[in-house]
Amino acid sequence: MLATRGTHRFFKKHQPFLGFPVKSFYWFSKTTIYHVHSFMQPKQKKPVRQVNRLARKSTKFFQKQDIDLPKDFMRDTITRISHILRFSTWDSAQEQLMKLTIKWDSYTVNQVLKTHPPMEKAWLFFSWTSKLKGFKHDQFTYTTMLDIFGEAGRISSMKYVFEQMQDKGIKIDAVTYTSLLHWLSNHGYIDESIKLWQDMKDKGCVPNVVSYTAYMKCLFDHNRVKEGAKIYKEMLQSGCSPNCHTYTVLMEHLASSGQFDGVLEIFIKMQDAGVQPDKATCNILVEKCCKAGETQAMMKILHYMKEKFLVLRYSVYQEAFHMLKMAGVSDRLLRDVNRHLSMEKFNKDQVDESDGTAESSCFTLDDRMILYLLNKQSLLAVDYLLDSMMNKRLKLDPAIVSAVVEVNCNRGRVNGAFLAFEVCVKLGIVIERITYLIMVGELIRANSFSRVVDVVEAMVAAGLSFGSELSGLLIHRLGCAREPTSAEKLFSILTDQQKSIAVYTALINTYFTCGNADKGLEIFETMRKQGKNVALSTYCVLLNGLERNGLFDKVQCYRKEKKTFKSESCSREMSMEETLLVHCLSCTRFTEVTKHRSTLCFLSCVRIYRSLSSEAVAAGMIGQMRLGSLIILLQHYGLKEI
């Protein structure tokens, strides 16, 4: 404080040389010191005042009650007028309309007409409002009245309203002309539509994209293809960008004339142009494909619908389902796009195929609950329900469990699919073979090899064959994953008939890969004792395994056996797929495996197709059996690296 006063005396003494008064500096010094001291001292809490909040709320409540809120909204007024016109005679309706305390304007009248009251009442109402004081019809109310007459097929009445518009000097825009030429064309007056289009352009009314699209559809519907194409070029030259409905009109015309390649070309180009096909477009195209029996184009459209989460109308879905069934094509993609409809169809088929008893004619309540949750994609709720049912030992329909497994595998939920499998094992539910294979493929991709063996064990226990080629591939995959215990357990599960030369060779290669050469030699000797004819590629697997494990003394012994075997040309009846599988297992280098992998996958797929074609098609896993489809099928069983 003393230092501050001394400084003040110094500035007061030299005030003539300063450019500001000393008092302001003194105020600045006091303020600065005050703020410095405020940092040193903690702030005191202000006393809390008790406020009577109830009293304030009650005051606001009474104040709000004094405000007058509108009793009726405009939509309620329009609905009331529409009901008066629908359910009352015109004399009674006129009296009720006169009592309404509303302001009659163009918007209100137009909205009432758009509710589509009876045509006679709509015209009487239109004429009655024209006589009201201070009211005058505009282009919007006239156009709506035109639509009502056109939709009812009263072309003469529609022309009369249009003439009234011209006589009264009402503005006629592109919307009015579009409505007129659309209804004229729909009732067969295509020449008048063409004349009206020319009149519109002569009067200086500029068409918009809706007008161009409607006129193109009129021309295409009456086989005026060249004129329609000319109008489309004119639209592009005028600077109007086509919208989704424009592209739909073009594709619909091409589909009607059987040019589905052009349909797919436009379908792709419109997406490149930033216009996405909507639900209506896809439904129209699928319906056209059904009528023409075109499956290739339909599948591409269904793929797009699946990506964009679009669905078909029920009538179109039924038509597509029957068409695919007649063509012998898988309906898996169709059911994936419309899961809500496919579940209903599945439930209905169960009822139709039943014997008529109450127990077999429909699902239980638990089955229906799981179906409902699957439709809603509530898979966590399905898991909880399955767990509680397993504890209570309540059985489910096998088809329901198969659906649960399939949905979980499609979503990559391995635990959910395996929970449904555990329910099957504990409750004794036998599901289809293809469902087991789908689960095996998903578990292999998730590197859950112990669970794979459990699934195969349950599959064999249910009397279903896993297949020797698939068993050999699976054992080889377990060996690559360093799972010799699981491979040995899988080998013991198989029957003697399924333990082919390929299975033995795969197990021998597994033990050598895991460093257990003694066990590999033991399996080789066991195979010869069992009377299995050794293949030349089996010797290659054996020699390569011994070399990798450093047993060079035994390499010389088995190499002599291989030369003797090769000179004697011992042969055994072995399938082409099995021969190539054994040959692939004999490849030691990664480049050699890669070299033979495509051929192995193709021939293995041929074997899978021969044994599983009917089940795979029924499950929707394959459609037309081409090389790409077969390789995709083998990828589904776990061979991703092709």
Which of the residues spanning the stretch 274-291 are assigned to a helix (DSSP H, G or I) and surrounded by 16 or more Cβ atoms within 10 Å (Cβ to Cβ)? THR281, CYS282, ASN283, ILE284, LEU285, VAL286, GLU287, LYS288, CYS289, CYS290
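Could you please give the count of residues in the stretch 524-536 that are assigned to a helix (DSSP H, G or I) and either crowded, with 20+ Cβ neighbours inside 10 Å or touching a residue at least 24 places away in the same chain (Cβ under 8 Å) (or both)?
Qualifying residue count for the region: 3.
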How about the stretch 457-482: which of its residues are more than 37 Å from the chain's Cα centre (by Cα) and open to solvent by 50 Å² or more (accessible area, probe 1.4 Å)? ARG482
Regarding ARG339, is this residue under 20 Å from the mean Cα position of the chain (by Cα) and farther than 20 Å from THR248 by Cα? yes
Picking from ALA446, ALA399, which residue would you name as being within 22 Å of ARG335 (Cβ to Cβ), under 25 Å from the mean Cα position of the chain (by Cα) and not polar (S, T, N, Q)? ALA399
Could you tell me whether any residue of the stretch 238-245 is hydroxyl-bearing (Ser, Thr, Tyr) and in a helix (DSSP H, G or I)? no
Restricting to the stretch 138-154, name every residue that is open to solvent by 10 Å² or more (accessible area, probe 1.4 Å) and either over 16 Å from TRP128 (Cβ atoms) or among the charged types (D, E, K, R) (or both). ASP138, GLN139, PHE140, THR143, ASP147, PHE149, GLU151, ALA152, GLY153, ARG154
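Name the residue that is most open to solvent (accessible area, probe 1.4 Å), counting only residues in the stretch 303-329 that are outside any helix (DSSP H, G or I) and not hydrophobic (A, V, I, L, M, F, W, C). Let's see the steps before the verdict.
First pass over the stretch 303-329, keeping only residues outside any helix (DSSP H, G or I): 309-313, 328-329.
Those still in the list that are not hydrophobic (A, V, I, L, M, F, W, C) too: 313, 328.
Numbers: ARG313: 107, GLY328: 60 Å².
It comes out as ARG313.
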Got at least one residue in the stretch 238-249 being of a type in the set (Ser, Thr, Tyr), more than 19 Å from LYS269 (Cα to Cα) and in contact with a Ser or Thr (Cβ under 8 Å, 6 or more places away or on another chain)? no
For the stretch 254-273, give me each residue that is assigned to a helix (DSSP H, G or I) and within 16 Å of VAL286 (Cβ to Cβ). LEU254, ALA255, SER256, PHE260, VAL263, LEU264, ILE266, PHE267
Restricting to the stretch 242-264, name every residue that is buried (at least 21 other Cβ atoms within 10 Å of the Cβ), within 24 Å of the chain's Cα centre (by Cα) and aliphatic (A, V, I, L, M). MET251, VAL263
Condition (residue is modelled with pLDDT under 70, among the basic types (Lys, Arg) and over 20 Å from ARG477 (Cβ atoms)) applied to the stretch 567-583: is it met by at least one residue? yes
Spot the failing condition for LYS131; the list is (1) surrounded by 14 or more Cβ atoms within 10 Å (Cβ to Cβ); (2) within 18 Å of VAL161 (Cβ to Cβ), and only one is missed. (1)
Odd one out for LEU396 among (1) over 26 Å from LEU494 (Cα atoms); (2) touching a residue at least 24 places away in the same chain (Cβ under 8 Å); (3) part of a helix (DSSP H, G or I): (3)
Note down all Cβ pairs under 7 Å where the first residue falls in the stretch 210-233 and is of a type in the set (D, E, K, R), the second is assigned to a loop (DSSP other than H, G, I, E, B) and surrounded by fewer than 21 Cβ atoms within 10 Å (Cβ to Cβ), and they're at least six residues apart or on different chains. none
Provide a single number: the residues in the stretch 375-429 that are surrounded by fewer than 15 Cβ atoms within 10 Å (Cβ to Cβ), small (Gly, Ala, Ser) and over 18 Å from HIS340 (Cα atoms). 3
Is at least one residue of the stretch 537-548 under 30 Å from LEU427 (Cβ atoms) and open to solvent by less than 50 Å² (accessible area, probe 1.4 Å)? no
Can you list residue pairs whose Cβ atoms sit under 8 Å apart, with the first residue in the stretch 74-86 being without any contact (Cβ under 8 Å) to a residue 24 or more places away in the chain and the second being open to solvent by 20 Å² or more (accessible area, probe 1.4 Å) and polar (S, T, N, Q)? Count only pairs 6 or more apart in sequence or on different chains. ILE84/GLN96
Filtered residue count, the stretch 210-241, keeping only those that are open to solvent by 60 Å² or more (accessible area, probe 1.4 Å), within 19 Å of ALA273 (Cβ to Cβ) and β-branched (Val, Ile, Thr): 1
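The values are calculated or read from the model by the stated rules, or taken from the named source; none is laboratory data. Every value quoted in this text rests on a predicted model; they were computed, and no experiment measured them. In this analysis, Cβ positions are derived from the backbone assuming ideal geometry, glycine residues included, and neighbour counts consider all displayed protein chains. Heads up: the accessible areas ignore ligands, DNA and RNA and are worked out on the full protein's heavy atoms, side chains in. Shrake-Rupley method; radii C 1.70, N 1.55, O 1.52, S 1.80 Å.
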